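Undergrad: Right, I'll just put the structure down here and ask away after.
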């Protein structure tokens, strides 16, 4: 069987504090609530065409062998393509929300090289905000 990957469908992040993580992804990054299944310990947030699933540690569908958030996480980072991308304005916005900001650089992504900014959610997961592509370097 031959198939082609079209896009990222979703990313699952295990959350020790589901409420705090939900507020961060909604209020800081602007994700919209897609679906809430509290009986499963699952909040699904719309991030463009993809979903970010927040899974409560200890929830009914959580897998304890996935580790403890903040201690050897099982995800390096999730990258969100954003427009407009104004690094100074983004950093000012994030600082006003008391978000820990990481390195800003030009990085390669699905659309080619472009500006990017790392930041960290309340449980230490790295999130990359990626701007539009620029000329290849």
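The values are calculated or read from the model by the stated rules, or taken from the named source; none is laboratory data. All values derive from a computational prediction rather than experimental measurement. Note: ideal-geometry Cβ built from the backbone for every residue, glycine included; neighbour counts use all protein chains shown.
Undergrad: Please pick out the residue among 99, 11 that is modelled with pLDDT of 85 or more and either touching a helix residue (DSSP H, G or I) at 6+ places or on another chain (Cβ under 7 Å) or farther than 30 Å from residue 134 by Cβ (or both).
TA: Residue meeting the stated conditions: 99.
Undergrad: What number of residues in segment 29-46 are within 16 Å of residue 10 (Cα to Cα) and in contact with a helix residue (DSSP H, G or I) (Cβ under 8 Å, 6 or more places away or on another chain)?
TA: 5
Undergrad: Can you give me the number of residues within segment 32-55 that are surrounded by fewer than 17 Cβ atoms within 10 Å (Cβ to Cβ), outside any strand (DSSP E or B) and free of Cβ contacts under 8 Å to residues at least 24 places away in the same chain?
TA: 3
Undergrad: Could you run through segment 37-59 and say how many residues are over 14 Å from the mean Cα position of the chain (by Cα) and under 27 Å from residue 96 (Cβ atoms)?
TA: Within segment 37-59, residues that are over 14 Å from the mean Cα position of the chain (by Cα) and under 27 Å from residue 96 (Cβ atoms) number 0.
Undergrad: Please find, within segment 102-123, the residue that is modelled with the lowest pLDDT out of those that are touching a helix residue (DSSP H, G or I) at 6+ places or on another chain (Cβ under 7 Å) and more than 22 Å from residue 53 (Cα to Cα).
TA: 115
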